[in-house]
Each structure stands twice: as structure tokens, then as C-alpha cells.
């Protein structure tokens, strides 16, 4: 496990964590969300010893659904409105913090001990806002493979892709080939 000082809290790291949470407990997951699933994502993204109380889960599921709605928006304008709604509902005055031995990084939640859903809402909304302002909704996508629907980031060289993985891309190409050729 990485030391707290080695964990990165910039927009790209927060985006990756946000997407992982959406895929783990949001609409794409298609499974009953659990505190264990959230803890696994947080641990995978550098949070030391995350603990999610069962009573925190409903508010967190709601926030993750709202973050997914940003990514599923039909336009940049709709995505911006959804981000602004999240920031209005959960955001506080921006502040720099270096809690728990971490490097200085930006927070919009109320305190370093804010509820988990508030932290996820504000950090995810800020990261999505940064991406939206830099490259628009082209920065993320929702997999179009049948039965998938997972969210993915499109920040690399293949920015216009339509699938979350090579496997889903292949399944989609095969389905389209069969549709065109009547197989």
C-alpha cells in the first residue's frame, strides 16, 4: 500500500476514483451496492483503511447516481447544470488541506471529517467540472456494448471510443457486423 504522502489527489486521480465508484455501486454495476464494494474502490485508489458505515451507504448511492447522471447527460450544458446542482447541494468554500500526512490538495467539502457522501460528491463534481471545462463530455463515455453500460474515461489517444474495454469493443463490432450481414 502507498504511504499517504504518495497518494495523488489531482483531478485525474479523483476522476479515476469517481468512475470506479460509479461502476462499482452506481447504475452500471447492476448489483446490490455494498459498503465492502466502496471500501475496495477507496483502497484501490489510495485511501488507507477506508471504513464505510452501513448507514452512510444510502446517501453515497444517491450521490454516485447523481455523478453518473452528469456523465449520462445529453449535452455539455446538461452536464454543467448537473455538476452545478451537486456543487450547490454539497459544496463549501474551497480550501487547501493536508490531512493525515498527505500533500496539500483542494477540498470543497465542509471539513476533513465531512460525511463520505459529501466528500465524494464535491471531489467528483470538481473533477468532472475540470474535465468538462477542458475537453467537454468527450472526456468520458458510457460503454455501448450490449449489457454493459460501464462508464470510462477517454483521456488517452483513443478519445472517440465507444466501449469501456477491448472485450466490449469486440463484442460491439461483432454485433454490428452480424446486424449488417444478416447473420
Checklist entry - Quick one: if you stick a label point 7 Å off each Cα along the C-beta vector at residue 180 and residue 88, how many nm between them? => result 4.5
Checklist entry - Expressed as an acute angle from 0 to 90° and rounded to the nearest 10, what is the orientation of the C-alpha long axis of helix 11-25 relative to the principal long axis of the chain? => result 70
Checklist entry - Which of the peptides 73-80, 142-149, 47-54 is most tightly packed, and how do the rest follow, judged by the mean count of other Cβ atoms within 10 Å per residue? => result 142-149, 73-80, 47-54
Checklist entry - How high is the relative contact order of the chain, in percent, counting Cα pairs under 8 Å that sit 6 or more residues apart? => result 20
Item to check | Degrees separating the helix 166-181 axis from the principal Cα axis of the chain, which is the longest one | outcome: 30
Item to check | the range 81-183 - percent relative contact order, Cα under 8 Å, separation 6 or more | outcome: 17
Item to check | Between the range 97-166 and the range 26-93, the Cα center-to-center distance that results, in Å | outcome: 10
Item to check | Sorted by Cβ neighbour density within 10 Å, fewest at the top, the residues 92, 45 | outcome: 92, 45
Checklist entry - By how many degrees, 0 to 90 and rounded to 10, does the Cα axis of helix 57-72 deviate from the longest principal axis of the chain? => result 50
Next on the checklist: Can you tell me the length gained on complete extension of the stretch residue 170 to residue 99, counting 0.36 nm per residue apart and subtracting the Cα distance?
Outcome noted: 21.2 nm
Next on the checklist: For the pair residue 77/residue 39, report the inter-label distance in nm, with labels modelled 7 Å from Cα in the Cβ direction.
Outcome noted: 4.5
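Bear in mind these aren't lab numbers, they're just calculated from the coordinates by the rules spelled out. Only a predicted model underlies this, so the values are computations on that prediction, with no experimental measurement involved. We place every Cβ from the backbone using ideal geometry, glycine too, and count neighbours over all the protein chains shown.
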